[in-house]
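**Student:** Sharing a structure here in structure tokens format.
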Amino acid sequence: MEKQEGKTYIYLATKLFSFFDRLVSEIMYDSLERVARLSQSSIYLPFRDSNQKVSHEGNVAENIFLADIKALNKTDIFVARLDGLSYDAGIGFEIGYCIAMEVPIFVFSTDFMRTRIETKMYNLSPLLTELANIFIYEYSYDKEKSYYDELQNNVTLFSRFVTDALEGVDFKIAPIMKNIKEGAVPEVFIDICGCKYEWSRLLSSKIESFLDENGITHWTSNRYSIDYDYKCDFYALSVSKIMIVCYDENEPDIDSCILQGYAYKKKKTIVGYESSNVTYYVEGAQEMHVNFMLEQSCNYIAGDLRSIKKYIKATVSYENKE
């Protein structure tokens, strides 16, 4: 997909690991094709335009990753669907990458759930609520229809909802860096699930103690606190050299993935902490642990805390020598 002058490129990100997820992606695709103002657009659909077309020789996951990155670099508009208790990690990474490119981001959701942290409400997540144009589809109930017919009707209505939203919305987005607060300059940015859990707070504390002992400045994302300010995270990440991020969840925290995508585009060194020994084998000879987009973008993946300390100490010491 070569970029042509005057042509708009849309990256359509949806879950693709099941047959039904791919079916929904086709519904989204058809919805975009009906947007009159985007009639001359080229739409990139991962899996269809990457997994099924890349070489299956060598590192297949890397081949797919590079194909998606190539498409992201041409993207003018990013569109995604996010539903469920946990969101797709790869989509999170792609969103962060597009934030770094200052691309307008549109997220659609059909979910019945909303998130609250103490007294603070979010549409989808602390970062997505601030940085994406979010459209929540409200399910339509019709007592006259059967359960199946009601579902089919809502599929049709949702498809129109996507078309109408993109037809009428302003595509402009304010560059995030212009709004970031200035502060101290950390060398290491720590994001252990945004300190969502007690174990993630304890692990963050251990890494902080190690960095303090070695005179290495740092910043830790604490997204799940009531006074969280996303601008501070983006400032700290934009000026740091190294990002430490954790994958020890069934589906990594969506905002951690967003920050990693941002860090990758900004050419930061990324250290992934992944202590699980489970490997997934995916259609098309892919092999991964949690998410290939996250793993392929890492400079180093550590299986324990000791490995993180060793890598950080060697990396920071080397940079200081230069």
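**Student:** What is the residue count in the stretch 231-253 for residues that are in contact (Cβ under 8 Å) with a residue 60 or more places away in the chain, open to solvent by 10 Å² or more (accessible area, probe 1.4 Å) and either among the β-branched types (Val, Ile, Thr) or farther than 11 Å from Gly90 by Cα (or both)?
**Tutor:** 4
**Student:** Next question, about the same structure. Within the stretch 273-289, can one find any residue that is within 14 Å of the chain's Cα centre (by Cα) and closer than 26 Å to Leu85 by Cβ?
**Tutor:** no
**Student:** Further, regarding this structure: Could you go through the stretch 213-235 and let me know if any residue there is closer than 27 Å to Glu102 by Cβ, of a type in the set (Gly, Ala, Ser) and in contact with a Phe, Trp or Tyr (Cβ under 7 Å, 6 or more places away or on another chain).
**Tutor:** no
**Student:** Can Val155 be described as in contact with a strand residue (DSSP E or B) (Cβ under 8 Å, 6 or more places away or on another chain), over 30 Å from Tyr197 (Cα atoms), surrounded by 11 or more Cβ atoms within 10 Å (Cβ to Cβ) and in contact (Cβ under 8 Å) with a residue 60 or more places away in the chain?
**Tutor:** The answer is no for Val155.
So that you can scan it fast, the table gives a plain yes or no per residue for (1) over 23 Å from Tyr11 (Cα atoms); (2) open to solvent by less than 60 Å² (accessible area, probe 1.4 Å); (3) not basic (Lys, Arg):
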residue: Met113; (1), (2), (3): yes, no, yes
residue: Ile117; (1), (2), (3): yes, yes, yes
residue: Asn123; (1), (2), (3): no, no, yes
residue: Thr129; (1), (2), (3): no, yes, yes
residue: Tyr141; (1), (2), (3): yes, no, yes
residue: Glu144; (1), (2), (3): yes, no, yes
residue: Asp149; (1), (2), (3): yes, no, yes
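**Student:** When you go through (1) at pLDDT 90 or above; (2) under 26 Å from the mean Cα position of the chain (by Cα); (3) aliphatic (A, V, I, L, M) one by one for Leu157, which number turns out not to apply?
**Tutor:** Just one mismatch for Leu157, condition (2).
**Student:** Could you tell me which residue of the stretch 57-92 is modelled with the lowest pLDDT, considering only residues that are in a helix (DSSP H, G or I) and touching a strand residue (DSSP E or B) at 6+ places or on another chain (Cβ under 8 Å)?
**Tutor:** The qualifying residue modelled with the lowest pLDDT is Val60.
Residues are listed down the side, and each one gets a yes or a no for (1) under 30 Å from Lys120 (Cβ atoms); (2) assigned to a loop (DSSP other than H, G, I, E, B); (3) at pLDDT 90 or above; (4) of a type in the set (S, T, N, Q):
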| site | (1), (2), (3), (4) |
| --- | --- |
| Ile244 | yes, no, yes, no |
| Tyr264 | yes, no, yes, no |
| Tyr281 | no, no, no, no |
| Ile308 | no, no, yes, no |
| Ile312 | no, no, yes, no |
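**Student:** Then there is this: Do you know which residues across the stretch 197-221 are part of a loop (DSSP other than H, G, I, E, B), polar (S, T, N, Q) and within 30 Å of Tyr280 (Cα to Cα)?
**Tutor:** Matches in the stretch 197-221: Ser221 only.
**Student:** Confirm whether Val271 is open to solvent by less than 10 Å² (accessible area, probe 1.4 Å) and either touching a Pro at 6+ places or on another chain (Cβ under 8 Å) or modelled with pLDDT of 90 or more (or both).
**Tutor:** yes
**Student:** Sticking with this structure for a sec: Within the stretch 283-300, can you find the residues that are at pLDDT 90 or above and either in contact with a Ser or Thr (Cβ under 9 Å, 6 or more places away or on another chain) or closer than 19 Å to Ser221 by Cβ (or both)?
**Tutor:** Leu294, Ser297, Cys298, Asn299, Tyr300
**Student:** Another question, if that's okay. Would you please list the contacts, defined by Cβ atoms under 9 Å and residues six or more apart or on different chains, that run from a residue in the stretch 284-295 that is over 19 Å from Cys246 (Cα atoms) to a residue that is modelled with pLDDT under 70 and exposed (fewer than 15 other Cβ atoms within 10 Å of the Cβ)?
**Tutor:** Gly284/Gln52; Gly284/His56; Ala285/His56
**Student:** Next question, about the same structure. Restricting to the stretch 165-197, and then to whatever is of a type in the set (Asp, Glu) and either surrounded by 15 or more Cβ atoms within 10 Å (Cβ to Cβ) or at pLDDT 95 or above (or both), can you tell me which residue is nearest to Lys310 (Cα to Cα)?
**Tutor:** Per the criteria, the residue is Glu187.
The values are calculated or read from the model by the stated rules, or taken from the named source; none is laboratory data. Quick caveat, the model's predicted, so the values are computed rather than measured. Cβ atoms come from the backbone with ideal geometry, glycine included; neighbour counts cover every protein chain shown. For accessibility, only protein heavy atoms count, side chains too; no ligands or nucleic acids. Shrake-Rupley method; radii C 1.70, N 1.55, O 1.52, S 1.80 Å.
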